[in-house]
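Data first, discussion second: the structure below is written as structure tokens.
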Amino acid sequence: MSQARRFPNLISSVIFPLQEKLKGHTTVADRRALEQSQWWSPERLEAHRVERLRSLLVRAGSHVPYYRDLFARIGLDPARVASTADLQRLPFLDKPLIREHTEALKADDARGLVRFNTGGSSGVPLIFFIGSERVSRDVAAKWRATRWWGVDIGDPEVVLWGSPIELGSQDRIRRWRDALMRTRLFPAFEMSDRKVVDFIAQFRAMRPRMLFGYPSAFAHIARYAQRTGERLDDLGIKVVFVTSERLYDHQRALIEQVFGAPVANGYGGRDAGFIAHQCPHGSMHITAEDIIVEIVDAQGRVLPPGQSGEIVVTHLATGDFPFIRYRTGDVGTLGEQPCGCGRTLPVLQKIEGRSTDFIVAQDGTVMHGLALIYVVRDMPGVSAFRIEQESLELTRVRIVTDDDFPQDGDERIRAGMKARLGSAVDVVVEHVVQIPAEGSGKFRYVISKVKT
């Protein structure tokens, strides 16, 4: 074994496992188990899921006040659950319910509960808690997916992130640990040219084997490199992991071209957990050992594979603070065909974004925000933009432009928007110096305040 590979192997096989053991986490054993179960027959995998679901519901009925009362009210005996379809007897869990019943959702025997929050599209924080079991399982699922791409913990990694939770914990111990693990965390809040130049210089000095972060942030760096003639395909990057935002096709193509590495998409959230990861064959595999995904229509009815609806998640490792039939607000479709990689984990065929990424025309037609994105994105001289549908009567387009923007660009944008939204819609085009990211550091191209 070469010296270059010996140190990463030491980290993944000795140092990281020791760290997890000291934390009281079962991450290493969990990852090993997940690497076995990903090849199980569908029947064996489903039996395993039912067993875990039953265990979760039994514990919730015994130790979680909210579910103890709910099960008594609807007459559910969790010990008799025999199928994942039995979940349909339970009501959905959503953010308002969690806010109203936060204390009642805590198990009285919870282990290692840690407080988390997420702002969400409404800007109203959601406060919830995560226990040790879920932390171990989520990290193990991400670790398994990392290894699908031929990289591992201990390989040099750049993380481009914006969450105040991670960035606020950069104390001396965290910095020392990240240095030992060969991980560098960069803030995605400010992406000025000066910052991007500094990022690229540090990437070049570090020569990471993998990148992890928001697709919009890596696409922004790629656009800068393309504009200035800076090569980034000579850094030795093996894979770019992206998550937390919708990944658009044009972003994937740009990142892969400029960085000279494949993009591996990941889907999940701090609240719902690591739901799905892309394999090298291109499929988004659900972490089925821990996650049950239902797709539901506007009336809450479960839809079959191939039909689009809201993604509802039950996380089987959340006994300390259960997430059972949690409405994510995202829209997606379950796949019908197995993946060519041979893994039997079910597939999310489409992840279409949040319900607020959809827009509504004046005639009531609901369409994905891409219908408007293409109008602006394909216009010469537009370097950044955001589309905000404030009402059925008003849509606001904020754009950052350069000298290539045509004189009639505003009118062309207005015409394109009206063709899709309706001729009577007021389309306001505003030229701005910068399009800021959200408070979390994420970026959204389309925001609709119109209920779909």
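Considering only the range 39-54, state which residues are in contact with a helix residue (DSSP H, G or I) (Cβ under 9 Å, 6 or more places away or on another chain) and in contact (Cβ under 8 Å) with a residue 12 or more places away in the chain.
Listed by number, the residues that qualify are Trp40, Leu45, Glu46, His48, Arg49, Val50, Leu53, Arg54.
If you take the residues in the range 5-46 that are within 26 Å of Phe323 (Cβ to Cβ) and not in a helix (DSSP H, G or I), which one is least open to solvent (accessible area, probe 1.4 Å)?
That would be Gln38.
Of the numbered conditions (1) open to solvent by 10 Å² or more (accessible area, probe 1.4 Å); (2) in contact (Cβ under 8 Å) with a residue 24 or more places away in the chain; (3) acidic (Asp, Glu), Asp198 fails exactly one; give the number of that condition.
So Asp198 meets the others, but not (2).
Check off (1) open to solvent by less than 40 Å² (accessible area, probe 1.4 Å); (2) more than 23 Å from the chain's Cα centre (by Cα) for Gly340 and give me the number that stays unchecked.
(1)
Counting just the residues of the range 322-336 that are part of a strand (DSSP E or B), over 16 Å from Leu93 (Cα atoms) and open to solvent by 10 Å² or more (accessible area, probe 1.4 Å), which one comes out modelled with the lowest pLDDT? So that I can check it myself, show each step before the final result.
Our first condition is that a residue be part of a strand (DSSP E or B); within the range 322-336, this holds for 323-334.
Keeping just the survivors that are over 16 Å from Leu93 (Cα atoms) gives 331-334.
So of that shortlist, the ones also open to solvent by 10 Å² or more (accessible area, probe 1.4 Å) come out as 331, 334.
Working: Val331: 88, Leu334: 97.
Taking the candidates together, the pick is Val331.
So, Ile275, is that one under 9 Å from the mean Cα position of the chain (by Cα), surrounded by 21 or more Cβ atoms within 10 Å (Cβ to Cβ) and either within 19 Å of Pro346 (Cα to Cα) or without any contact (Cβ under 8 Å) to a residue 24 or more places away in the chain (or both) or not? I'd like the intermediate steps shown before the answer.
On the way: under 9 Å from the mean Cα position of the chain (by Cα): yes; surrounded by 21 or more Cβ atoms within 10 Å (Cβ to Cβ): yes; either within 19 Å of Pro346 (Cα to Cα) or without any contact (Cβ under 8 Å) to a residue 24 or more places away in the chain (or both): yes.
For Ile275, the condition - under 9 Å from the mean Cα position of the chain (by Cα), surrounded by 21 or more Cβ atoms within 10 Å (Cβ to Cβ) and either within 19 Å of Pro346 (Cα to Cα) or without any contact (Cβ under 8 Å) to a residue 24 or more places away in the chain (or both) - is met.
Among the numbered criteria (1) of a type in the set (A, V, I, L, M, F, W, C); (2) modelled with pLDDT under 95; (3) closer than 18 Å to Asn265 by Cβ, which single criterion is violated by Met210?
(2)
Could you list, in sequence order, all residues of the range 47-100 that are part of a helix (DSSP H, G or I), closer than 14 Å to Arg325 by Cα, touching a Phe, Trp or Tyr at 6+ places or on another chain (Cβ under 7 Å) and of a type outside the set (Val, Ile, Thr)?
Ala60 - this is the single residue of the range 47-100 that is part of a helix (DSSP H, G or I), closer than 14 Å to Arg325 by Cα, touching a Phe, Trp or Tyr at 6+ places or on another chain (Cβ under 7 Å) and of a type outside the set (Val, Ile, Thr).
Residue pairs, Cβ under 9 Å, 6 or more apart or interchain, first in the range 83-94 and in contact (Cβ under 8 Å) with a residue 60 or more places away in the chain, second of a type outside the set (Ser, Thr, Tyr) and loosely packed, with under 14 Cβ neighbours inside 10 Å. List them.
Gln88/Arg301; Leu90/Ile74; Pro91/Ile74
Please name all residue pairs, on different chains or six or more residues apart, with Cβ atoms under 7 Å, provided the first residue is in the range 378-394 and is among the β-branched types (Val, Ile, Thr) and the second residue is open to solvent by 30 Å² or more (accessible area, probe 1.4 Å) and in a strand (DSSP E or B).
Val382/Thr401
How many residues does the range 64-121 hold that are of a type in the set (Val, Ile, Thr), open to solvent by 40 Å² or more (accessible area, probe 1.4 Å) and within 30 Å of Glu245 (Cα to Cα)?
So the answer is 1.
Just one of the numbered conditions (1) more than 21 Å from Val428 (Cβ to Cβ); (2) out of contact with any helix residue (DSSP H, G or I) (no Cβ under 6 Å at 6 or more places or on another chain); (3) open to solvent by 10 Å² or more (accessible area, probe 1.4 Å) is not true of Leu345; which one?
Going through (1) more than 21 Å from Val428 (Cβ to Cβ); (2) out of contact with any helix residue (DSSP H, G or I) (no Cβ under 6 Å at 6 or more places or on another chain); (3) open to solvent by 10 Å² or more (accessible area, probe 1.4 Å) one by one, Leu345 breaks only (3).
Answer yes or no as to whether Ile165 is among the hydrophobic types (A, V, I, L, M, F, W, C), at pLDDT 90 or above and under 25 Å from the mean Cα position of the chain (by Cα).
no
Can you name the residue in the range 97-129 that is in contact with a strand residue (DSSP E or B) (Cβ under 8 Å, 6 or more places away or on another chain) and charged (D, E, K, R) and, of all such residues, is modelled with the highest pLDDT?
Top of the filtered list is Lys106.
Under the condition of being open to solvent by 10 Å² or more (accessible area, probe 1.4 Å) and small (Gly, Ala, Ser), which residue from the range 231-265 is modelled with the lowest pLDDT?
Here the answer is Ser244.
The values are calculated or read from the model by the stated rules, or taken from the named source; none is laboratory data. Just so it is clear, the model here is predicted, and its values are computed rather than measured. When we count neighbours, we look across all protein chains shown, and the Cβ atoms used for this are built from the backbone with ideal geometry, even at glycine. Surface areas here come from the heavy atoms of the whole protein model, side chains and all, with no ligands, DNA or RNA. Shrake-Rupley method; radii C 1.70, N 1.55, O 1.52, S 1.80 Å.
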